[in-house]
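Have a look at the structure below, then the notes.
The values are calculated or read from the model by the stated rules, or taken from the named source; none is laboratory data. Here the structure is a predicted model, which is why all the values come from computation and not from measurement. Remember, those area values only see protein heavy atoms, side chains included, never the ligands or the DNA or RNA. Shrake-Rupley method; radii C 1.70, N 1.55, O 1.52, S 1.80 Å.
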Amino acid sequence: MKIAVLGAGAIGANIAHRLAVRGAEVVLIDGQAPAAGTSGASFSWLSSFPQLSWAEDPGRRALRLSVNRHFDRLAEELGGDWLDWCGTLTVESAVPAFDGAVARSTEAGAQIEVLDAGDLARIEPHLRLAEGERVAFELRSGWVDAPEMIEQLIRVFHLSGGTLQLGQPVTALRRAGARVIGVTLGDGTQIDADLVVNAAGACATHIAATAELSIPMELVPGMMLYAGARATALPRHVINGDRWLLRPDRREGLAIHWRGEGLTAVHGNNGADGPAMLADVAHSVPALVGQQSMRERIGIRAIPFGGPVIGSLPWISGYYSAVSHGGIGWGPIWADLAAREILDGTLAPELSGLRPTRFYMDVPER
């Protein structure tokens, strides 16, 4: 079985790896370098708080509880130094109804301690918060060096017999009646496949449209700022603040994601320039005061309406969708479930609420 996986970001690389190690003939296609898109401009956070306090369908909640286990297994498979379980400190002002959210998340299985200022000073001495601010310390959380993870995924993918096709974007899905039979690249090259997996992130909706298929989504810009490479006394944990997130970065000191004011359950405003962001964060991280050197990146987050889109369509064979916001964290899970469905022919009940059939009228969900 020859499978073409579109997109060498976190989701595509994980799916290509999992299919290849299970013996499929796989070509991974991207118009750029691996991790050159949103996966390389992601905060790459692994956390269960406050997410486990949200109301979610049981299938997705069960999947969320398996994230850490999937990453432990993947780290053992791949090797390399790309996963850091450093823990997350979430400030009280970042989470509405803080105590209730802590209680619900703890009941669901998250390991959380609530710290006062004295406790925080012992655990994270390089962070300054408002007087009286409490924090939730989630022990079993951390971050991923996504470019390094993807590099390791592709290295093992190659060793498993996979083929990497870079430099030419996919311009069309090729159809023969009710079947997708391959793709066309920007230079006119045609690649045949028994199955095409669309994991192209922000480009996925455009690729689907070339075969008259639909993946409605928002394309939301998110700003990442990297600063503090020459500073000392930087925080060692992920910090989840009310306006920003920050985490250690091995190359550039700190990685900072700006959320701004007016947050929603998914994302907030993203409009702030680098110096303003840095000045704001420096109120809490004194080592950044006076820092000038920084780098900015914008990632275009693909956020399908109603959540992730994972699975096939019953009236089109040879095509599978795998598009999701939070692709760094969900990537290993989507890869396992997609491989089960594609190679074993076994539908995953956990995905029942995430099928692409929801975008079409009068079609029974699979």
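An oblate overall shape is assigned to the stretch 297-366, the ratio a/c of its alpha-carbon gyration tensor axes (a ≥ b ≥ c) being 1.5 or greater and a/b not exceeding b/c. Quick one: among V323, V238, V114, which has the greatest mean-square fluctuation in a GNM of the chain with alpha-carbon springs under 10 angstrom? It is V114.
Full extension of the chain between T346 and R295 gives 13.8 nm of extra length, using 0.36 nm per residue less the Cα-Cα distance. When shorter helices are ignored and each DSSP H run of at least 4 residues is given -39500 (n - 2.57), the per-residue value for the chain at 222 nm works out to -8000 deg cm²/dmol. Largest to smallest in accessible area, the residues F137, F305, F157 fall in the order F305, F137, F157 (1.4 Å probe, all protein chains included). On full extension, the segment bounded by I123 and Q111 gains 2.7 nm, given 0.36 nm per residue less the C-alpha separation. Accessible area ranking (1.4 Å probe, heavy atoms, ligands and nucleic acids excluded), largest first, for H257, H283, H325: H283, H325, H257.
Is the C-alpha gyration tensor of the chain telling us rounded, prolate or oblate? Criteria: a/c under 1.5 is rounded; beyond that, a/b larger than b/c is prolate, otherwise oblate.
Judged from the Cα gyration tensor, the chain comes out prolate (a/c at least 1.5, a/b above b/c).
State the percentage of accessible surface on the chain attributable to carbon and sulfur atoms; use a 1.4 Å probe and exclude ligands, DNA and RNA. Its accessible area is 52 percent carbon and sulfur atoms.
What the stretch 1-111 shows is 38 Å² of accessible area per residue, with the surface traced by a 1.4 Å probe over protein heavy atoms. Rounded to the nearest 5, the antiparallel percentage of DSSP beta bridges internal to the chain is 70%. Based on the Kirkwood radius over alpha-carbon pairs, what is the Stokes-Einstein translational diffusion coefficient of the stretch 117-222 at 10 °C with 1.306 mPa s viscosity, in µm²/s? Translational diffusion coefficient: 86 µm²/s. Potential lengthening of the chain between S317 and E56 amounts to 90.9 nm, from the contour at 0.36 nm per residue minus the alpha-carbon distance. Apply the a/c threshold of 1.5 to the C-alpha gyration tensor of the stretch 1-49 and tell me whether it is rounded, prolate or oblate. Oblate.
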